[in-house]
1. Net charge within 11 Å of Gly91 by Cβ-Cβ distance, Lys/Arg positive one each and Asp/Glu negative one each, not counting Gly91 itself?
2. What are the lysines whose alpha-carbon lies under 20 Å from the alpha-carbon of Lys48, with same-chain residues fewer than 8 places away excluded?
3. Points 7 angstrom from Cα along the Cβ direction at Ala50 and Thr123: gap in nanometres?
4. Long-range amide H contacts for Gly91: which residues qualify at under 5 Å (H placed 1.01 Å from N, peptide plane, sequence gap of 5 or more or a different chain)?
5. Taking amide H positions as placed 1.01 Å from N in the peptide plane, with prolines and chain starts having none, which residues 5 or more places from Cys108, or on another chain, fall under 5 Å of its amide H?
6. Work out how much length Ala133 to Met39 would gain on full extension: take 0.36 nm times their residue separation and subtract the Cα-Cα distance, in nm to one decimal.
Amino acid sequence: MKLPTQKGVSLLAVAVLSMLVASAAMLALYTMRHGHLPMPEVWDRWGKSAKVISGELKKASGLTAQTQESGQANSDQGGNGMPAPVTIGTGARRCTINGKVTYSDTECLDSNPTTKQIKLHETQGFTHPKPPASDTETGNDGEQDLRMKALEKALDKATR
C-alpha cells in the first residue's frame, strides 16, 4: 500500500504567512489609532539610550578627557547626552507639533512659536482614605446597643 504524498503549501509556510498577515494587521491598527508608525520613535529612544550608556561607560573608564579634547563631548546639560530632568522649579514646556499638543523640554524648542513654559505644582498623589468616624463621635451608641440586644435574643432562641 502506497500513501499519497502531500501536494500544496507546507505547514511551515502557512505558519509564516499567517504571522506576516497578523503583524501587518497589527501595524495597520496601530497606525489607524495613533496616526503614525512607532518605529522612528523607538529608534530615537534607543539611540539616546545608547548615547547615555556609552557616556557612562566612558566616564567609568576614564575616557571622557579624550572625547572632550577631540570635540565629541556630549551636551552641557549633564554630560551624558540627556537634558537635565524637569523639576517643579524649572517647569516644563508645552508646544504644538504636527497639530498635536506635546509636553517636552527636548521637542519644544525656543524656535517653535507655540512653545509656552508650564509651571508645575506638587501634588500629594494617592492618599489613603480617612478612617470612618468612631461610634462615640457619631452618636450611634443607642442604635448599636439595640442591634446587639436583638442579636443576643436571636442567639438565645437558637440555642434553646
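Nothing in this text is a laboratory measurement; each read-out follows from the coordinates by a stated rule. Computed from a prediction, not measured in an experiment: that's the story for all the values here. Here Cβ is always computed from backbone atoms with ideal geometry, including for glycine, and neighbour counts include all displayed protein chains.
1. +3
2. Result set, ordered by chain and number: Lys58, Lys59.
3. Distance between the two pseudo-spin positions: 3.7 nm.
4. Here Leu120 satisfy the definition.
5. none
6. 28.4 nm
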